[in-house]
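The values are calculated or read from the model by the stated rules, or taken from the named source; none is laboratory data. Bear in mind that the values here come from a model prediction, so they are computed numbers and not experimental data. Virtual Cβ from ideal backbone geometry, glycine too; neighbours counted across all protein chains shown.
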Amino acid sequence: MKFTFVTLFKNLIDGYFQDSILKRAIESSIIEVGYLNPRDFSNSRHKKVDDAAVGGGAGMVMNPQPLFEALNYLKTSDQDIHIVFLTPVAKQFNQKDAKRLAKKKHIAFVSGRYEGIDERVVEKYADEVFSIGDYILTGGELASLVVCDAVSRNVNGVLGNSDSLMIESFESELLEAPSFSKPQNYENNYVPSEYLKGNHSKIRLLKLALSEGKTKFFRPEQLLKHKTRKSYEK
C-alpha cells in the first residue's frame, strides 16, 4: 500500500517512519511512503502558496493554484488514488474508517497550513474529509500521521501478530481491558490474581468487567451503545 503526503513540511512527517513497526513495514515493502510539496507547483515568482482570505478575516489561506496542480498531477499519475483532507471541519475519524481505508491501494493525505485550504480545492479533489478531534493544530501534518498510522496497522503484514488487532479498543464498543506485564508484584502493586490462575474463561469474564468499568469511566456513551446492542441481540 502506498501513502503520499501532500505537505509543505516533509521533515515534520518523515522522521516518524524511521523507527519501529512502520520502518519495518517499509523495509519489507508492505507499505510505501512518498511526499509531494505544493510549493513545487506554484506558478508565482517566489513559489508562494498562500494569500489573504477573500471577504476579510485574520490569517492567510492556502490558495488553490498550487494544490490544484499538485493534486491533478497525483490523479493523472494514479487513477486509483484516494485523496483525504484533514481538517477540524469534518466527520471524526474512527477505527472503522481505519479498517476500511486499509483496503485501498494508494492514499494521499493533504495537510493544510495557515488558516486552512481554499474550499474549492476540497470540493474538487476530496474523496473523504476527516477530523481527528475537536481541537485546532498548527497544521495538518500531525493529523495526517495519526490517520496514516491507524490505517497502516490494519494493512495485512504490518503487525507481527495480527490477532492483537482483535482485542483493541474500538473493535467493539468497549475500551480495551487493562494490560499487565511481569513481575506479579512491583512495589506492592499486584497483577489481579485471576490473571495468574490459568482459567481462561474466568480471565475473559474479568477482562470484560474491567473493560466495561474503564468504558463507563472514560466513555460512558460507548458503554450505552454496547448495552443497547446486547439488548437488541437477545
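Quick notes
- Members of the stretch 118-158 that are among the hydroxyl-bearing types (Ser, Thr, Tyr), farther than 19 Å from residue 16 by Cβ and within 16 Å of the chain's Cα centre (by Cα): 131, 135
- Hey, residue 74 out of contact with any helix residue (DSSP H, G or I) (no Cβ under 8 Å at 6 or more places or on another chain), surrounded by 17 or more Cβ atoms within 10 Å (Cβ to Cβ), in the same structural domain as residue 142 (by TED's automatic domain parsing) and farther than 21 Å from residue 139 by Cα or not: yes
- Members of the stretch 81-92 found to be within 20 Å of residue 7 (Cα to Cα) and either without any contact (Cβ under 8 Å) to a residue 60 or more places away in the chain or out of contact with any Phe, Trp or Tyr (no Cβ under 8 Å at 6 or more places or on another chain) (or both), listed by number: 81, 82, 83, 85, 87, 88, 89, 90
- Look at (1) surrounded by 13 or more Cβ atoms within 10 Å (Cβ to Cβ); (2) at pLDDT 90 or above; (3) under 15 Å from the mean Cα position of the chain (by Cα) and you find that residue 8 fails only one, number (3).
- Every residue from the stretch 100-121 that is of a type in the set (Ser, Thr, Tyr) and within 27 Å of residue 1 (Cα to Cα): 111
- Every pair of residues 6+ apart whose Cβ atoms lie under 8 Å, when the first sits in the stretch 168-179 and is outside the structural domain of residue 214 (by TED's automatic domain parsing) and modelled with pLDDT under 60 while the second is surrounded by 20 or more Cβ atoms within 10 Å (Cβ to Cβ) and hydroxyl-bearing (Ser, Thr, Tyr): none
- If you go through the stretch 50-69 and keep only what is surrounded by 14 or more Cβ atoms within 10 Å (Cβ to Cβ) and without any contact (Cβ under 8 Å) to a residue 60 or more places away in the chain, you end up with 51, 60, 61, 62, 63, 64, 65, 66, 68, 69.
- Test result for residue 107, aliphatic (A, V, I, L, M), surrounded by 15 or more Cβ atoms within 10 Å (Cβ to Cβ) and in a loop (DSSP other than H, G, I, E, B): no
- Residue within the stretch 74-83 that is at pLDDT below 95, closer than 21 Å to residue 21 by Cβ and outside any loop (DSSP other than H, G, I, E, B) present: no
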